[in-house]
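For reference, the structure discussed in these notes is given below.
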Amino acid sequence: MHINRKKIIINEINAKHALGISGMKELDYTLNPYLGCLHGCLYCYAIGMNPKNIAGDWGNVLYVRKNITEILQMEAKKYKKGIVGISSITDPYNPVEGKYRLTRNSIEILAKNNFYVTLQTKSPLALRDIDIIKKYRNIIDIGYTITTMDEKIKDMIEPYSPSVRSRMRALKKFSENGIKTWIFIGPIIKNINDNLNDIYNIIEFASKI
Ligand code: SF4
């Protein structure tokens, strides 16, 4: 599969729900401020979970769930407290998050209502929210996906995502600020990013932050 960057299409929609019940045992809920993902990773399992117009033009179409924080305000008061994963089928720090701030506002609502928040991203844009993440660091952690240390391989399988170096710098900064951090290494794709030295280098970096 090859993704051609054509024209990026951004649509605003209204969501009916903010929190979704998680099928993963580590999480009680998931929250996805966006549908689709402009990072356009070729291996993304979320492609198959999206409608045809997003899946068929993966990486180029994004839906902004613009009312999600209004709904979350109500749900956070009503729902049983638990662990919320942000996000499961998009990157919460898609480039447009710089403008819409849906992830930032969601983190704040959830933390104020005593939900535990676990963030997963590939973007250093998350550093914009280090103030709020630090403030609630007893109930927020942040993880970065790193599938390889080789930027060329990164460009091949995650064409529009931030560089590996920028992710490493962000992780270091969060860690230096006393925020719990983690790395997700995956997927490992045969003959693409399964070089053991490469994986070892990721683990070595993790051991130092
Ligand atoms: S950043 Fe995550 S959600 Fe976005 S395309 Fe890549 S794997 Fe999928």
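Need one word for the range 1-106: rounded, prolate or oblate. Basis is the Cα gyration tensor (sqrt eigenvalues a ≥ b ≥ c); a/c below 1.5 gives rounded, then a/b vs b/c decides.
Values: a/c = 2.30, a/b = 1.57, b/c = 1.47.
Prolate, because a/c is 1.5 or more and a/b exceeds b/c.
Throw me the Rg/Rh for the chain, computed over C-alpha atoms with Kirkwood Rh, two decimals.
So for the chain, dividing Rg by the Kirkwood Rh gives 0.95.
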Review point. Which pairs, out of K52/K190; K6/K173; K25/K154, put more than 32 Å between their alpha-carbon atoms?
Key: K6/K173
Exercise for review: Only Lys, Arg, Asp and Glu count, each charged at its Cβ (+1, +1, -1, -1), so figure out the dipole size of the chain about its Cα centre, rounded to 20 debye.
Suggested key: 540
Exercise for review: Per DSSP H run of n ≥ 4, the term is -39500 (n - 2.57); total these for the chain, divide by its residue number, and report the mean residue ellipticity at 222 nm rounded to 500 deg cm²/dmol.
Suggested key: -9000 deg cm²/dmol
Practice item. May I ask you to give the percent of accessible area on the chain that is carbon plus sulfur, with a probe radius of 1.4 Å? Key: 55
Review point. Cα gyration tensor of the range 146-204, axes a ≥ b ≥ c as square roots of the eigenvalues: rounded (a/c below 1.5), prolate (a/b > b/c) or oblate?
Key: prolate
Point to revise | the range 9-208 - accessible surface per residue (Å², probe 1.4 Å) | key: 48
Review point. Using alpha carbon centroids, what distance separates the range 121-136 and the range 43-109, in Å?
Key: 16
Point to revise | Which of S161, S207 is most accessible, then next, and so on - probe 1.4 Å | key: S207, S161
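The values are calculated or read from the model by the stated rules, or taken from the named source; none is laboratory data. This structure is a prediction, so every number in the text was calculated from the model and none was measured. Note that we place each Cβ from the backbone using ideal geometry, even for glycine, and neighbour counts take in every protein chain shown. Only protein heavy atoms, including side chains, enter the accessible area calculation; ligands, DNA and RNA are left aside. Shrake-Rupley method; radii C 1.70, N 1.55, O 1.52, S 1.80 Å.
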